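Asks: Below are the structure tokens for one structure; questions will follow.
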Amino acid sequence: MVRPRLDLWLGLAVCVLGCDQPAPKAAPGSSAPASAPAPEPPLARPPDEDGYELWLRYRKLEDDAQRQAASAQLTTVVLSGASPTLDAVRAELRRALGGLLGTPPRIGSELPAEGDALVLGRVGSPELARLGLAGVGVGLGDGYLARRLERDGRKLLVLMSETEIGLLYASFALFRRLEQGPGLEGYSAESKPRIELRLLNHWDNLDGSVERGYAGRSIWKWDEDVALHAKRYRDYARACASIGINGTVLTNVNANATALSARYLEKAAAIAQVLRPYGVRVYLTARFSAPVELAGLPSADPKAPAVVTFWREKVAEIYRYIPDFGGFVVKANSEGQPGPQDYGRNHADGANMLARALAPHGGTVMWRAFVYSPTGGIDRIRQAYDEFHPLDGRFDENVFVQVKNGPLDFQPREPIHPLLGGMPKTPLTLELQITKEYLGQDTHLVYLGPLFEEVLDQDTFASGPGSTVARVVEGAFLPPGARGLKRTAIAGVANVGDDRDWTGSPFNQANWYAFGRLAWDPGLSAADVAAEWIAATWSRDPDFVRSVQKLMLQSREAVVDYMTPLGLAHQMAEGHHYGPGPWVDGLARPDWNSVYYHRADRSGLGFDRTKSGSGAVLQYHPPLRELYADPARVPLELLLFFHHVGWDQELASGRTLWDELALRYERGVRTVSEMRSAWDRLELQVDRARFGRVAEFLAIQEAEAGWWRDALLGYFATFSGKPFTGSRGLEELRSLRCPKDRDKPRCPEVYGDRPH
Ligand code: GCV
């Protein structure tokens, strides 16, 4: 029997979603016809850029009237005092205003006798008192206020904060305002970070490799002099500060004890010195067995006095090198990492021992809840809650439990982690992944703002309705700490490497940006954040911003559709997590295999996590628990995460499971084609270099989206018995052995043979 082609077979359903879509274009290297060629670009195309400047390009404002109005206000700047941070503020003002307005400002420490001016001052300072602002802004911390004043017939724009770093944040907010285009008329702002510790976690190894990094080697060149890389570190710190990131963990959570030896501490101290003026504190990962590896102790038992002494002395040594050291991030008893359970102790015993060494110096421990034991269990996703929930309330005040956004592992979509509503007495660090380990890595264009927003907005119901993840992470329900320590934190696994453009692709920069902006204010909309980023990174033209914003906002749902729709998870091929591998089976542990997660059989698809299955659904609070447990009410987006569903079962959409699945895969591929066409239409407005890079990556993504669809539907068809014919047969797809290079994953076997 000749099986119908999926695109013909799906014609009706696809039309429900829009029949006026352009035909998908051919992947590079394929012989299929492409759509009509784009018109020849005019000569006046913007000059090529390499992406190094990120969103800090500060190109001159195009609108003359607006630029002149802003210049009148900002040409004279008043900022008194001397410190490395204030120098950084001045340098950034010169660079940004010089770029945006065309002329760098005159910066003095006294308000001149006449003329409009920008005044920056610390809350309570004599400068602000002279302007009648004594007492204004108390309690801002690192937050800031922007106020417009009229004094003696002159217009003043005043930026104030309690801290120097707050003045830097206020300056970056002002530049954002200018980039956005509404001008300074009526500008006033008040903003305080809603989460205190906003950290990047680098999974960088001492040998220069980066775990799950796709943007080159580590920027921390442990074997080289820091001075050689100081410019890059300074620019990294500027980028972090511009979006409010105030800490960075230099080393991988799969830790190497050597990172805590004198040679590396000296280096970390030199890096800390470059980052410090920008308010970015350095943290390190601690390997739990360091007392054995570095000091030759017989064990790392957290209750052994020699171990306690080792850590106390080690921490004191670290603070001699780095007086404002932030603390440790620890992965313990997970994926082979040592931990307190090796000695019959629990996570609280281990974390508190380290916390007590850090407490006298003001440091914190971020103890990760991503535990993944070597013995497996009834359901991998249950383990963290089962181990940590009983320990709630047993951690010292300077311990955070660091929880990934979902219970599995940074999938394109998964439900929130039940621990986010399951440890009401413990400060939690929400861990998001900026590097796209499971979302197409460097080449696929996926804007993560909507994913972060979805997580932050999800209600845990832990303290009744309205207990969103954002409110939990902001500490809204946390009992106050006796010692008034910082108790709110968020971390993003960095996507930064030594590639010239920092993140391996121009659009991956947006995810670094979105993480920082949402960490500062989880209430921001991912759409607005995208618009900010586009204007600063590409072009301020409103039509351009709208088109790119649309494309970015489509992209997350697209990757869910073409990789793992309807709550499927972990269908990536073994090891590299790049292409599809639903057939992966037979690896040593059941939960290393894709088949463990999809549970496809003749009767249907999906993992039963209800009471009659693994029971993981019981880890959620009511009414989430009931919602997820009910196959008729669970959001379709999470259906197969919680239920095993028959192939012919009719879903809330009115379609059968098979039809819905096929429709979503097809929709994902088609959305990428639309994104590709939309980008091509913008060619004339973007420099050739960056345009070309994005265009090539979109071509790869389009071909690989089809690869995912064909692999997953082709494979599931062997269980469902439904007709499916992809562009390539299942056997051919199963035999592909790519990517060969995990750091720059490419599969020319899929997208054609053009070099990338
Ligand atoms: C740093 C997943 C990743 C690992 C990572 C681990 C973790 O398993 O694939 O590379 O290890 O998560 O978050 O600890």
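The values are calculated or read from the model by the stated rules, or taken from the named source; none is laboratory data. A quick note: this is a predicted structure, and the numbers were derived from the prediction, not measured. For neighbour counting, all protein chains shown are included, and Cβ atoms are generated from backbone atoms with ideal geometry for every residue, glycine included. Remember, those area values only see protein heavy atoms, side chains included, never the ligands or the DNA or RNA. Shrake-Rupley method; radii C 1.70, N 1.55, O 1.52, S 1.80 Å.
Asks: Let me check I've understood the local charge: for Q68, count other residues with C-beta under 13 angstrom from its C-beta, Lys and Arg +1, Asp and Glu -1. What total comes out? Can you show the working numbers first?
Replies: Values: positive: K60, R67; negative: E62, D63, D64, D116, E185.
Around Q68, the charge tally is -3.
Asks: What does the C-alpha gyration tensor say about the overall shape of the range 102-173? Classify as rounded when a/c is under 1.5, otherwise prolate if a/b is larger than b/c, or oblate.
Replies: Cα axes put the range 102-173 in the oblate bin.
Asks: For L553, what accessible surface area do you get with a 1.4 Å probe? Give it in Å², rounded to 10.
Replies: Here the accessible area works out near 70 Å².
Asks: Helix-only estimate, please: 222 nm mean residue ellipticity of the chain, summing -39500 (n - 2.57) across DSSP H runs of length 4 or more and dividing by its residues, to the nearest 500. Present the calculation step by step, with values, prior to reporting the outcome.
Replies: Numbers: 24 runs with 276 residues, N = 756.
Taking each H run of at least 4 residues, the total per residue is -11000 deg cm²/dmol.
Asks: Mind jotting down the distance between the C-alpha centroids of the range 441-516 and the range 47-106, whole Å?
Replies: Cα centroid of the range 47-106 versus Cα centroid of the range 441-516: 29 Å apart.
Asks: Once you charge only the Cβ atoms, +1 for Lys and Arg and -1 for Asp and Glu, what is the size of the charge dipole of the chain about its Cα centre, to the nearest 20 debye?
Replies: Working: 87 positive and 94 negative charges, 186 e Å.
So the dipole magnitude of the chain works out to roughly 900 debye.
Asks: Under the definition of Cα pairs under 8 Å and six or more residues apart, what whole-number percent is the relative contact order of the chain?
Replies: Reported as a whole number, the value is 14 percent.
Asks: Another question, if that's okay. Taking amide hydrogens as modeled 1.01 Å from N in the peptide plane, which residues meet the under 5 Å criterion relative to H417, leaving out close sequence neighbours?
Replies: Sorted by chain and number, the residues that satisfy this are G406.
Asks: I219: net charge of surrounding residues, Cβ under 9 Å, Lys/Arg +1, Asp/Glu -1, itself excluded?
Replies: Values: positive: R217, K221, R232; negative: D204, D498.
Here the charged neighbours net out to +1.
Asks: Under a 1.4 angstrom probe, counting protein chains only, how are F477, F607 ranked by accessible area, largest first? If you can, show how the numbers build up before the last one.
Replies: On the way: F477 70, F607 5 Å².
Sorted by accessible area, descending: F477, F607.
Asks: How much of the accessible area of the chain, in percent, comes from carbon and sulfur atoms when a 1.4 Å probe is used? Could you put the intermediate results ahead of the total?
Replies: Numbers: 14340 of 27680 Å².
Here carbon and sulfur together make up 52 percent of the probe-accessible area.
Asks: While we're on this one: Determine, for each peptide in 253-262, 289-298, the mean count of other beta carbons within 10 angstrom over its residues, then list the peptides with the highest first.
Replies: Working: 253-262: 18.8, 289-298: 16.5.
In decreasing order of mean packing, 253-262, 289-298 become 253-262, 289-298.
Asks: What number comes out for accessible area per residue over the chain if the probe is 1.4 Å? Units Å², please. Mind showing how you got there, number by number?
Replies: Values: 27680 Å² over 756 residues.
Here the residues of the chain average 37 Å² of exposed surface.
Asks: Turning to a different aspect of this structure: Checking the a/c ratio against 1.5 first, then a/b against b/c, what shape does the Cα gyration tensor give for the range 288-395?
Replies: Prolate, since a/c reaches 1.5 and a/b exceeds b/c.
Asks: Also, I was wondering about something else. Go through the range 321-336 residue by residue and turn each phi into a ³J(HN,Hα) via Karplus (6.51, -1.76, 1.60, θ = phi - 60°); whole Hz please, and just put x for glycine and proline.
Replies: 7, 10, x, 10, 3, x, x, 10, 10, 10, 10, 10, 6, 8, 6, x
Asks: Further question on the same structure: Please sort 447-457, 382-392 by packing, taking for each peptide the average over its residues of neighbouring beta carbons within 10 angstrom, highest first.
Replies: Working: 447-457: 23.4, 382-392: 18.6.
Those peptides, ordered most packed to least, come out 447-457, 382-392.
Asks: For an R0 of 45 angstrom, estimate the FRET efficiency from the Cβ-Cβ distance between D541 and E114 and round to the nearest 0.05. Kindly include the intermediate steps, with their values, before the conclusion.
Replies: Working: r = 37 Å, r/R0 = 0.83.
It comes out at approximately 0.75.
Asks: How large is ³J(HN,Hα), in whole Hz, for each residue of the range 219-236 in order, when computed from phi with the Karplus curve 6.51 cos²θ - 1.76 cosθ + 1.60 and θ = phi - 60°, using x for Gly and Pro?
Replies: Each residue's phi maps through the Karplus curve to give 6, 8, 8, 4, 9, 10, 5, 4, 4, 5, 10, 4, 4, 5, 5, 5, 5, 4 Hz.
Asks: Still on this structure: Where both residues lie in the chain, what percent of DSSP beta bridges are antiparallel, nearest 5?
Replies: 30 percent
Asks: Also, I was wondering about something else. Considering only V560, H389, L627, whose Cα is most displaced toward the positive end of the charge dipole of the chain, charges sitting on Cβ of Lys, Arg (+1) and Asp, Glu (-1)?
Replies: Working it through, the farthest residue towards the positive pole turns out to be H389.
Asks: Let a ≥ b ≥ c be the square roots of the eigenvalues of the Cα gyration tensor of the chain; is it rounded (a/c under 1.5), or, if not, prolate (a/b larger than b/c) or oblate? Could you put the intermediate results ahead of the total?
Replies: Working: a/c = 1.77, a/b = 1.20, b/c = 1.48.
Because a/c hits 1.5 or more and a/b fails to exceed b/c, the chain counts as oblate.
Asks: Related question: Using the Karplus curve 6.51 cos²θ - 1.76 cosθ + 1.60 with θ = phi - 60°, what ³J(HN,Hα) values do you get for each residue of the range 618-634, in whole Hz, with x for Gly and Pro?
Replies: Karplus values, whole Hz, x for Gly and Pro: 6, 6, 8, 6, x, x, 4, 4, 5, 4, 5, 6, 9, x, 7, 10, 4.
Asks: With the contact rule set at Cα under 8 Å and sequence spacing of 6 or more, what percent relative contact order holds for the range 48-143? Kindly include the intermediate steps, with their values, before the conclusion.
Replies: Numbers: 104 pairs, mean separation 28.0, N = 96.
It comes to 29 percent, rounded to a whole number.
Asks: Amide H neighbours of L200 under 5 Å, at least 5 residues apart or on other chains, H built in the peptide plane: list them.
Replies: Amide H to amide H, under 5 Å and 5 or more residues apart or across chains, L200 pairs with G247, T248, V249, G492.
Asks: Another question about this same structure. Within the range 272-294, whose backbone N sits under 20 Å from a point 7 Å along Cα→Cβ of E317?
Replies: Zone members listed by number: 272-273, 282-294.
Asks: Please list 78-89, 330-341 highest first by mean number of surrounding beta-carbon atoms within 10 Å per residue.
Replies: Numbers: 78-89: 17.0, 330-341: 20.8.
So the peptides 78-89, 330-341, ranked by packing, come out 330-341, 78-89.
Asks: Sum up the charges of everything whose Cβ sits under 12 Å from the Cβ of P582, counting Lys and Arg as +1 and Asp and Glu as -1, but leave P582 out. Don't jump to the answer; show the numbers that get you there.
Replies: On the way: positive: R599, R709, R734; negative: E574, D585, D710.
Surrounding charge for P582 is 0.
Asks: Less than 18 Å from a label point 7 Å out along the Cα-to-Cβ axis of A652: which backbone N atoms in the range 446-478 qualify, by residue?
Replies: 454-455, 457-461
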